[in-house]
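Structure first, then comments.
The values are calculated or read from the model by the stated rules, or taken from the named source; none is laboratory data. It should be emphasised that the depicted structure is a prediction, and the values quoted were computed from it without experimental measurement. When we count neighbours, we look across all protein chains shown, and the Cβ atoms used for this are built from the backbone with ideal geometry, even at glycine. Surface areas here come from the heavy atoms of the whole protein model, side chains and all, with no ligands, DNA or RNA. Shrake-Rupley method; radii C 1.70, N 1.55, O 1.52, S 1.80 Å.
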Amino acid sequence: MTPDGTTVDVRFTELAEYIETEVFKPWSENREALELKWQRNIDDFRGLGDETWKAGEGNDWRSKTQFNVGRTKMIAAFSLVVDLLFQGGRIPFRLDANEEEKARAEGSGAAGQEDLDNRIEGMAGAIADQLSRCKADRVFSRAVMSGVVYGEMWVKRHVRVFRSRGYRAVEGTAVSGPGPESGAGAGVAGASQTRRYEEVLEETPGLALRYVTPWDMFWDMEAEDLADGEGVLERRYMTPYELRKRLSEPYFIADAVERAIDAAKKRWEGGPAADEDTTRRSPRDTEIEKRSKTLRYLECWVCVPRRVVDGFEQQLQSGDMDPKLTMELNGQAMQDGDSVWVHACLADQEVVRYVRVEREDVPYYRAVWEYELDTFEGRGVADNVHDMSVALRGAARAFEDNKKLSANVETAVIPKFFEKMPKTRVPGGIYRLSDECTDVRQAMMPIVTPDVGESLLNAIELFRQLLDEVSQVPKISQGMSPLGQSPDTAYEISKLAEAAGKYIGSVISNIDNGLIEPVVEDFLRWNMLQGGGEAWQGGYRVQALGFSSFQDQILQTQRLLNFFSLAMSNPVSLQEIKVRDILVRIAKSMRLDPDEVLLTVQEKQQRMAEQQQTQDPMIQLAVAEKQASIGKQQAEAEKTKIDGGVAIER
């Protein structure tokens, strides 16, 4: 019986019924508003949006061009964050010793401090290697793209076996052979050694990460933080084969798996049926018509009333899991506050996996791109640019439509003045008019459509500027200048970059708090509890460095550029600075290789020599011209002197 007093026909167990009716159903209903927004955002990203700016837009002959400027902003924001966060594929974090470890190290003197530093470095290196092994940077990058589009970022932690292949020499396979002339290799006294190798497969259990699309996530939206809610649930679809493979994993119930597979088989034999799950799914699930993954799988980490849990465990121990068993869900008993955390997986409403857990065992992490004040949803770049994208696309389409009309002259005709009615006008065409027509203007007149392109261009420019503002990702952050403009000074460029940096910095801070820090803490917990790195174990605290490294990089670059600009503006200060050293630091702060962008000593000497060789012939020519001019002047002076003497003698 439900809280409203109606009787429920329980299909399987009370636990399954509780999860279906008291958890999944209300959480999916609470998510309906988000689903509409997510669908709109992914359509905008893919250029499939159908909202219009003016009446008749996109109909009939009108322009249907998708000016997808919103996608450009989304890609720019994604690239900025990923480029700043995951440099070299490494996750930015740091381990610090807690107060107890610090006190112990200080009590042991310099040797204790050195040992602590070595253990911290070893543990940090082990976690970095584990994150690299499971391709954590790629998982986080997909989550960041999800944040750009949906405003939500979800990552799941799970245990998997990592397999690596190697080769080792087989004992006793060294054999003497012919000399190097036979191609076998060098040997002693004409002999060589050959060795046979065998392939070795190493299997190591460890933590791994997986991106989860928000379309598959359901959670307690009444809680401000995921850790304070009543649980989280992931929905997936799989084939019976995939479900059967999971029997090798712990806590799976073999009989329940077989019942779920049999039910799926009967449903398949009965022909395609309508899916009972009416919640929206990701485009990948909805756009594939011929789907083989039709078995719905709910992975639940939820808080369940103790009475329901105890009843299910009794059934599990007794083996009495009759599908026709009828139970009651007493609403009053559900609200007594006596609840426990469980991990249960449902395959078509059959509980196929079950175990009691603690709240800290929940393996999901959530972060948002932007926080919406006093709401349960995150906000992404797609939300910010939607309205301006629609307006800009509409204005651009209107410009295109106007050009179609104004650039293609239309003609009004009176058919009775034509002997044969022409279908269209063509250059150099000859039209036979009737004798009644005394003037060609009686038969046809051009219809001139006013060209309003200039006013539409003004609107387009306004919308583009507003798009920069609402997205908070200006064109200067994309390596472009505003349309028709360019920053006049280095100071203006730095201010534009700084404004964009503050917004990106807040996003990176959200990723630090929601994803990077809790993920690294769980990897640290795994290493502390599972062993394998006992020499590095200790009391550590995790600090995510995404925002710190971003802030350091941005501030350092801006300070160097401002200092260099100030020094270059004054000849006196220019003589006092080390120009090359500053340029090297600027290049490094921008993650450029100084050896690739700056001239070496040899290259500078070669350039100076080339310039000197180019200038030498010109200098010699100038000297020769000067000497010729002097010789000419001397000759003229001598001639004047001689002419004067002759005149005196006369």
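Here are the numbers for the structure shown:
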item	result
Boolean, E360 is among the charged types (D, E, K, R), touching a Lys or Arg at 6+ places or on another chain (Cβ under 6 Å) and closer than 30 Å to P250 by Cα	no
Residues (in a loop (DSSP other than H, G, I, E, B) and open to solvent by less than 60 Å² (accessible area, probe 1.4 Å)) located in the stretch 204-257	V212, T213, D220, M221, A223, G229, T239, I253
Within the stretch 373-404, considering residues that are assigned to a helix (DSSP H, G or I) and of a type in the set (D, E, K, R), the one surrounded by the most Cβ atoms within 10 Å (Cβ to Cβ)	R393
Test set (1) more than 28 Å from N510 (Cβ to Cβ); (2) surrounded by fewer than 15 Cβ atoms within 10 Å (Cβ to Cβ); (3) at pLDDT 80 or above - R541 fails condition number	(1)
Helices (runs of 4 or more DSSP H) wholly inside the stretch 78-161 that include at least 1 residues being among the aliphatic types (A, V, I, L, M), in contact with a Phe, Trp or Tyr (Cβ under 6 Å, 6 or more places away or on another chain) and more than 22 Å from Q543 (Cβ to Cβ)	136-150
Residues of the stretch 448-460 classified as open to solvent by 80 Å² or more (accessible area, probe 1.4 Å) and of a type in the set (V, I, T), total	1
Residue check for T279: assigned to a helix (DSSP H, G or I) and either surrounded by 13 or more Cβ atoms within 10 Å (Cβ to Cβ) or at pLDDT 70 or above (or both)	no
Residue tally, condition more than 21 Å from the chain's Cα centre (by Cα) and within 30 Å of G122 (Cβ to Cβ), over the stretch 43-95	2
Residue among E51, E29, E35, E22 that is outside any helix (DSSP H, G or I) and of a type in the set (D, E, K, R)	E51
Breaking point among (1) outside any loop (DSSP other than H, G, I, E, B); (2) open to solvent by less than 80 Å² (accessible area, probe 1.4 Å); (3) at pLDDT below 85, for T2	(1)
Qualifying residue in the stretch 101-109 (condition: surrounded by 16 or more Cβ atoms within 10 Å (Cβ to Cβ) and in contact with a Lys or Arg (Cβ under 9 Å, 6 or more places away or on another chain))	yes
Within the stretch 420-478, tally of residues that are farther than 30 Å from A391 by Cα and either touching a residue at least 40 places away in the same chain (Cβ under 8 Å) or more than 60 Å from the chain's Cα centre (by Cα) (or both)	16
In the stretch 30-76, the residues that are more than 16 Å from S389 (Cα to Cα), surrounded by fewer than 17 Cβ atoms within 10 Å (Cβ to Cβ) and among the aliphatic types (A, V, I, L, M)	A33, L36, A55
Matching entry among L515, L529 (being without any contact (Cβ under 8 Å) to a residue 12 or more places away in the chain and either over 19 Å from Y365 (Cα atoms) or open to solvent by less than 80 Å² (accessible area, probe 1.4 Å) (or both))	L529
Close pairs from the stretch 401-414: first farther than 29 Å from C437 by Cβ, partner in a helix (DSSP H, G or I) and not aromatic (F, W, Y), Cβ under 8 Å, at least 6 apart	N402/G453; N402/L456; K403/G453
